[in-house]
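A.B. asks: For reference, the structure I am asking about is given below.
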Amino acid sequence: MAELNYEDFKRRVNIQDLLVDAGYRLNRRDGLRYPSYVKVGSDGRRVRGDKFIVTGNGLCCFRPPEQKNYNVISFIKEHPHFFSEYTLGMNTDRLVNLVCNRLLNEPINRQYSAVEKKERSEKIFDLQAYKLLDFSTDDWDSQKAFYPYFKSRGISLDTQRAFSNHFFIAMKEMSHGKRYTNLSFPLQKPIDPATIVGLEERGRSSGDGKAIYKGMAAGSNAKEGMWIACPSGKALDKAKDVYWFESAYDAMAFYQIKKCELNYDRNRNPEGKLSQLDNSVFVSTGGNPSIHQFKGMIAKTSGANHHLCFDRDRAGQLFAINFALTKAGKTFNTHLTPKGKLIVVDTTDNYQRHELNPELFEFDRLLKILGVDTGAQRNEMAEYMESLRNEEDIFSGEEYLLPPDLLKAYGKYESACEEYHSAKYSGLVCQEDLEDIGDELKTSYEAYKAAMKNAVSQYESVGRIIYQPCDKEYKDWNDQLLCKRIIEEDNNEDEERTYHFHR
């Protein structure tokens, strides 16, 4: 029997059956003319904002308020974590083949499939096939061409200038004569940042601000490549902070919101030392991150802090967990059940299966359950390090914020110091005894200094993982920049995620 192809899947797999398999339930309140499917949480109530509506022809679905239509193929590729066959880093063509054949009760050749043939025959990305228009910070005419792409996103001209070396407009003439023009964010592998291996593409927005097109250029290596931007222009291996996003737009929005906070405070740092932004790198995975993207960046920035700024939804939470497990060197696979449970299977040393409830997503607590070392000593030092009055002086912080062991060492030094000064100025202690007390002071100080240097060295040398999504009222950082809050409608109304703007 010939193996089934994409056209077979689109013709024979019912989009409603696929939604049910992905864990969604028919919402009868909306009627059957345009069926809608919703996610139900472990408490038996609908998950707000998680809803798909089947289109009039019954072949596709979309998630309001976005108007992007998904057929059975694109739905699986865009939401691989909905399906039990998915493992981190898995090729999505292979996933489509497995899911659709299962739903059709068709046997599958697991060694070689039609979709894998398609994958092997795909073209290699060729930047020479595109005509590029750069954003020039000194040429207003060149900047005007980018206006339609950034205006609806709220990205300011200053932010565009900060990232001007990391995007361009790419135009491609097709064989049938039609020209495609998109805002393009180049993809690079961390091991070879000088080579562009693909493009994360965005089309112009429509009048209501919705994206007309988003995707990857043909032949893009989105498995290993990612958008990598350092506004200061420093080398990737010099990074002290790496910020992870699902899109370049979100990264630029985060920068625009946080740049004042990340820049140094001149009152505390009058010499004008480097700000956090000078050593920061912004990364976009262009959608669902792969384990190869994680491993490539971790290997190149092993000593950096990694800030996980993925979307504030189930998928974004799953990506954050996957990153932490990858960085910890775990061998694992994860997926979400139809009831919203997060399943983590850890086979690093022996088989361990964890079933987690992400309703109240507490990142550090979940990592402890999974046995991931979050660096307790470094985290204990965080508050003290943030209190430094002079960033060049590790002893200029608030001592009461020190971890217990260091606070104890400081207490011994402080007591010895008080005793020495009391003895010295009392006039009642002979010189020999005063020298002995001085020696005790010196010993306690050296012990405290050595312990502090060791703790600070550990804090700075091994990067932390920091879960840093947008504020809870928003879905992602670009929504937060635009003040597109998630509105919880009255319980008597249809529970659906909607947005409004604050000007």
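A.B. asks: Ranked by Cβ crowding within 10 angstrom, fewest neighbours first, how are Ser142, Ser444, Ser280 ordered?
C.D. replies: With the fewest neighbours first, Ser142, Ser444, Ser280 line up as Ser142, Ser444, Ser280.
A.B. asks: Related question: Rounded to the nearest 5, what is the percent of antiparallel bridges among the DSSP beta bridges in the chain?
C.D. replies: 80
A.B. asks: Could you check the simple spin-label distance between Arg33 and Glu391, using points 7 Å along Cα→Cβ, in nm with one decimal?
C.D. replies: So the label points at Arg33 and Glu391 sit 6.0 nm apart.
A.B. asks: Also: Where the centroid of each part is defined by its Cα atoms, how far is the range 328-346 from the range 405-454 in Å?
C.D. replies: Centre-to-centre distance over Cα atoms comes out at 53 Å.
A.B. asks: Here's a follow-up. Per-residue ellipticity at 222 nm for the chain, helices alone: DSSP H runs ≥ 4 residues times -39500 (n - 2.57), over residue total, nearest 500 deg cm²/dmol?
C.D. replies: Value at 222 nm, helices only: -10000 deg cm²/dmol.
A.B. asks: Where in the range 17-74 are there trypsin sites (Lys or Arg not before Pro) that are in a DSSP coil and have at most 16 other Cβ atoms within 10 angstrom of their Cβ?
C.D. replies: Arg33, Arg45, Lys68
A.B. asks: Under 5 Å between amide hydrogens, which residues at least 5 positions from Lys214 or on another chain qualify, with H placed 1.01 Å from N in the peptide plane?
C.D. replies: Gly203
A.B. asks: Just tell me which lysines come within less than 18 Å, Cα to Cα, of Lys327; anything on the same chain fewer than 8 places away is out.
C.D. replies: Lys189, Lys223, Lys240, Lys295, Lys300, Lys368
A.B. asks: With a Förster radius of 56 Å, plug the Cβ-Cβ distance of Asn350 and Arg179 into 1/(1 + (r/R0)^6) and report the FRET value to the nearest 0.05.
C.D. replies: E between Asn350 and Arg179, to the nearest 0.05, is 0.50.
A.B. asks: Taking 0.36 nm per residue of sequence separation and subtracting the Cα-Cα distance, how much length would be gained by fully extending the chain between Thr443 and Lys172, in nm to one decimal?
C.D. replies: 90.4 nm
A.B. asks: Return the long-range amide H neighbours of Gly49 (sequence gap of 5 or more, or a different chain), with a cut-off of under 5 Å between placed amide H atoms.
C.D. replies: Residues meeting the amide H criterion: Glu496, Arg497.
A.B. asks: For the chain, what is the relative contact order in percent, using Cα pairs closer than 8 Å and at least 6 residues apart in sequence?
C.D. replies: Worked out over the chain, it gives 13 percent.
A.B. asks: Quick one: order Cys60, Cys309, Cys230 by neighbouring beta-carbon count within 10 Å, fewest to most.
C.D. replies: Listed from fewest to most nearby Cβ atoms, that is Cys60, Cys230, Cys309.
A.B. asks: Moving to a separate point now. Report the per residue volume, in Å³, of the convex hull enclosing the C-alpha atoms of the range 323-469.
C.D. replies: Enclosed volume per residue, from the Cα hull, is 147 Å³.
A.B. asks: Listing Glu224, Glu246, Glu440, Glu355 from the residue with the fewest other Cβ atoms within 10 Å to the one with the most, what is the order?
C.D. replies: Glu355, Glu440, Glu224, Glu246
A.B. asks: Can I ask one more? How large is Rg over Rh for the chain, taking Rg from the Cα atoms and Rh as the Kirkwood inverse mean of 1/r across Cα pairs?
C.D. replies: 1.05
A.B. asks: Still on this structure, please answer the following. Hey, any idea what Rg/Rh is for the range 1-105, computing Rh the Kirkwood way over Cα pairs?
C.D. replies: On the Cα set of the range 1-105, Rg over Rh gives 0.97.
A.B. asks: Another question, if that's okay. Would you kindly give the portion of the calculated P(r) for the range 141-197 that falls above 18 Å, as a percent of all Cα pairs?
C.D. replies: For the range 141-197, the share of Cα pairs beyond 18 Å comes to 46 percent.
A.B. asks: Quick one: which residues, 5 or more positions from Phe332 or on another chain, have an amide H under 5 Å from its amide H? H modelled 1.01 Å from N in the peptide plane, none for Pro or chain starts.
C.D. replies: Close amide H contacts, sequence-distant or interchain: Thr347.
A.B. asks: Round to the nearest 0.05 the FRET efficiency obtained for Glu85 and Asp8 when R0 = 22 Å and r is the Cβ-Cβ distance.
C.D. replies: Rounded to the nearest 0.05, the efficiency is 0.75.
A.B. asks: Please compute the volume of the convex hull spanned by the alpha-carbon atoms of the range 379-461 and report it per residue in Å³.
C.D. replies: 92
A.B. asks: Given R₀ = 30 Å, FRET efficiency for Leu434-Leu407 by Cβ-Cβ distance, to 0.05?
C.D. replies: Efficiency at R0 = 30 Å is approximately 0.60.
Taken together, the values in this text are just the output of simple stated rules run on the coordinates, not laboratory data. These numbers were taken from a predicted model, which means no experiment stands behind them. Backbone-built Cβ (ideal geometry, glycine too); neighbour counts: all protein chains shown.
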